[in-house]
1. For the chain, what % of the accessible area comes from carbon and sulfur atoms, probe 1.4 Å?
2. Show that you can apply the helix-only estimate: for the chain, add -39,500 (n - 2.57) for every DSSP H stretch of four or more residues, divide by all residues, and state [θ] at 222 nm to the nearest 500.
3. Using the Kyte-Doolittle scale, which helices in the chain average at least -0.5 and also have C-alpha atoms spread 18 Å or more along the helix axis, with helices defined as whole DSSP H runs?
4. Let a ≥ b ≥ c be the square roots of the eigenvalues of the Cα gyration tensor of the chain; is it rounded (a/c under 1.5), or, if not, prolate (a/b larger than b/c) or oblate?
5. Enumerate the amide H contacts of residue 200 below 5 Å, restricted to partners 5 or more residues apart or on another chain; note that Pro and chain-start residues carry no placed amide H.
6. Hey, rough spin-label estimate for residue 249 and residue 212, points 7 angstrom out along Cα→Cβ, what's it come to in nanometres?
7. Treating cross-link reach as a plain straight distance, find the lysines whose alpha-carbon is under 27 Å from the alpha-carbon of residue 207, omitting any fewer than eight places away in the same chain.
8. Under a point spin-label approximation (7 Å from Cα along Cα-to-Cβ), what is the residue 189-residue 88 distance to one decimal in nm?
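The values are calculated or read from the model by the stated rules, or taken from the named source; none is laboratory data. Computed from a predicted model, the values in this text were never measured in an experiment. Cβ: placed from backbone, ideal geometry, glycine included. Neighbour counts: every protein chain shown. When the accessible area is computed, the model is the full protein with side chains, heavy atoms only, and any ligands, DNA or RNA have been set aside. Shrake-Rupley method; radii C 1.70, N 1.55, O 1.52, S 1.80 Å.
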Amino acid sequence: MSWELAGASLKLIMAGMEPTKDAPLARLGWWRVGGPADLLVTVKDEQQLAAVMETDLPITVLGNGSNLLVADEGIRGIVVRLRGNFRALAFRDPSSPDGLSDSLDGPAGIAVVGAGMSNAMLLSKLDRLGVAGAGCLAGVPGTMGGAIRMNAGTRMGEIGDRVAFVRVMMPNGKTQNLTPDSINFRYRRATLPEGAIVTRVGLWVTKANHAEEAALRTEHLEYRQNSQPLDQPSCGSTFKNPPGDAAGRLIDAAGLKGTAIGGAQISEKHANFFINTGSATASDLHALIKLARDTVQEQFGITLEPEVHAVGDWPDGMWPL
Ligand code: EPU
């Protein structure tokens, strides 16, 4: 291990963390591919995250690993998982704007959600409290931080439309609250300051239409169950939908369903889902993603943009596609 990594590791230990060297990441990602992280560390609060920032090594936040394509060579620097306080949920009522409480007392307010909370966990907690507002995340894998970073959504809407504020930590370890306007949410896109890590999110929530939202979610989950290969390792949608069309429709129309490279295959069930059939490498997936992009480009003149994010130590020239 280089002296830089050894120094960083020591700093993290002094701040109460337990970094793992050369930590395998494939088991943590949804595609089950990719090499190791130089250092993998779990952080439990903003103080620990600030200590990670202080190391000056490159930082990658893993979230749930549900939308990341990790390179076969792995990720240099520190890979962070947000746990502890980053998985907390509290509520802020308009009547008591400074205090946080465990439940939403009035009819509407702000849910304050830790960036490491999974979307599924958030929805289940809100359900128990009879609170609506995050229904657009039904069936979307990943964490709140990841949902913000890419303005996650479904046909039920986009999370950006529900955001009251986003708290981030900057590379200098300082935190700031961003307004939704400054983040400029667009379809599967959000503009965050360079190097910022989302730590906490405020979402507008209400008790008014919980039953309706829950019913719509059930309907939507059934639709997904029937149209998407949810039982196989994938990263959900591989490409963003181009304006006015659907990536799945285009890849299907190009005749690519079932096409395989190595252990990576375009799903027979939904053409925008790329599956690891068991032995896929990150390079196999890259090659298949490129093949789909190039074929759709040739046949229809439409350039698909990946929704998945490639991270880590890729050979030069592989990304962008
Ligand atoms: N289609 C085909 N062939 C296919 C797949 C789809 O012709 O193999 C057609 C469908 O018939 C439909 C159109 O393409 O007319 C769109 O397909 P679908 O309704 O399945 O939705 P999608 O646009 O592919 C989006 C989100 C999904 C979300 C679903 C349902 C994007 C990129 N994807 O998929 O989100 O679950 O709507 O709300 O916006 C994700 O982002 O990871 C994700 C899974």
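1. On the way: 7420 of 14780 Å².
Of the solvent-accessible surface of the chain, carbon and sulfur hold 50 percent.
2. Numbers: 8 runs with 85 residues, N = 321.
My calculation for the chain gives -8000 deg cm²/dmol from helical runs alone.
3. Helices passing the filter in the chain: 282-300.
4. Working: a/c = 1.96, a/b = 1.11, b/c = 1.76.
Since a/c reaches 1.5 but b/c is at least a/b, the shape of the chain is classed as oblate.
5. Distant-sequence amide H within range of residue 200: 115, 167.
6. Reported label-point gap for residue 249 and residue 212 is 2.8 nm.
7. Qualifying lysines at Cα under 27 Å: 125.
8. 3.5 nm
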